Amino acid sequence: MLVVVLAAAGQAVPAAADTSGQADAKVRDILAKVKQIQQQVAKAEQAYDAALAGVASSVNNAITDSRISDSVAAQAQAAQAQLDDRVRGLYMSGGPLALYATVLDAQDPSALQEQAIVVNEVVSSDRLMATVAEQVSRTAVTIADAAQRKAHGRIQTERSVQQVASRVLALLTEQQQLLAQARQHAADVHAAEAALRAQQMALDTITQERIASLRPLPAPASYMALYHRAAAAECPGLSWTVLAAIGQVESGHGRDTSTSYAGAMGPMQFLPETFDAFAVDGDNDGVADIMDPADAIYTAANYLCSNGANRDPNALYQAIWHYNHADWYVQMVLTLAKLYAG
């Protein structure tokens with residue numbers, strides 16, 4: 001049998017490029033990854049939104065804390081200024097010493113006692129005010145410092161917003177790259193398929209043109225007789241013209257019976273193992289010989305019939321295809337068979 005060089009070459013084409021089904025599967029895989037990333041983006045965007053909201057809140061709180069601390073500090077300063085004014089006025093008017101001197105100048109013991117009580121109350125009141133003012137001032141400073149530290153701490157922790165935002169942008173970029181890959185992959189596959197279709201069309205055109213130029217090769221009378229007898233004996237319903245066409249294609253009706261590089265031998269170019277499985281002793285000499293024309297042609301008829309060659313045209317096509325796995329080969333045999341039928 002002929003070695004199907006063209007068919008083998010045709011089968012090698014898909015290895016260089018994916019089919020549309022494979023391309024679709026890859027694109028589906030890519031889109032599945034994109035969907036997973038989209039879910040991650042949704043979560044990242046929620047974190048980003050929360051982070052930004054935290055920034056706005058912390059800044060507003062920091063401003064409020066600063067204003068409160070400034071107000072407390074101002075109130076403390078006002079109290080201190082008021083105390084300073086009071087003490088300053090007290091001492092500018094003579095202060096406690098002047099009051100005590102007034103007490104000592106008193107002639108009436110009861111008046112002396114009353115003035116002493118007044119002086120003690122004034123001095124005690126000033127001391128209490130001084131103490132309270134000092135405590136308020138210290139508290140105001142403490143509150144202001146704490147509020148400032150709190151505000152600064154909140155603002156610093158929101159630097160994580162940058163990390164969340166970077167995560168969102170990275171995921172979006174990854175999606176873009178995957179989608180670009182999917183588009184490019186699909187485009188490459190479609191281009192490769194278009195090229196493959198063009199090559200297949202070219203092959204079909206060449207096949208049709210060359211087959212159309214075929215002509216029957218005159219066969220020796222002995223071969224023509226064998227084609228007729230073998231078809232009738234081994235496969236009733238099979239036209240002898242099919243055997244004649246195969247005989248021409250395989251060996252030129254016995255003109256070239258050399259062994260092919262694939263190991264096919266004899267007038268009908270059988271592989272030895274195939275011949276042994278379907279061998280027929282066509283000349284009844286007791287030996288089925290792959291190189292003998294009668295044995296080879298009868299065996300060919302038996303092999304075709306075993307694959308349904310005598311049932312219907314579709315079965316005939318398949319039977320010839322089993323003889324040599326190539327569509328161009330089947331077309332060549334059928335074309336020559338019609339020409340032999342005249």
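The values are calculated or read from the model by the stated rules, or taken from the named source; none is laboratory data. Small disclaimer: the values here were computed from a predicted structure and weren't measured. Using ideal geometry, Cβ is built from the backbone for each residue, glycine included, and neighbour counts are taken over all protein chains shown.
The set of residues in segment 195-225 being touching a Leu at 6+ places or on another chain (Cβ under 8 Å) and of a type in the set (A, V, I, L, M) consists of Leu203, Leu214. Among the residues of this structure, Arg167 does not count as one that is surrounded by fewer than 13 Cβ atoms within 10 Å (Cβ to Cβ), among the charged types (D, E, K, R) and within 30 Å of Ala42 (Cα to Cα). The set of residues from segment 250-264 being aliphatic (A, V, I, L, M) and surrounded by fewer than 20 Cβ atoms within 10 Å (Cβ to Cβ) comprises just one member, Ala262. For segment 284-316, filtering for residues that are surrounded by fewer than 16 Cβ atoms within 10 Å (Cβ to Cβ) and assigned to a helix (DSSP H, G or I) leaves 4. Considering each residue of segment 199-213 in turn, at least one proves to be in a loop (DSSP other than H, G, I, E, B), more than 16 Å from Leu304 (Cβ to Cβ), modelled with pLDDT under 95 and not assigned by TED's automatic domain parsing to the domain that holds Asp312. Being under 53 Å from the mean Cα position of the chain (by Cα) and of a type in the set (Gly, Ala, Ser): is that true of Ala244 here? So Ala244 does not fit the description; no.
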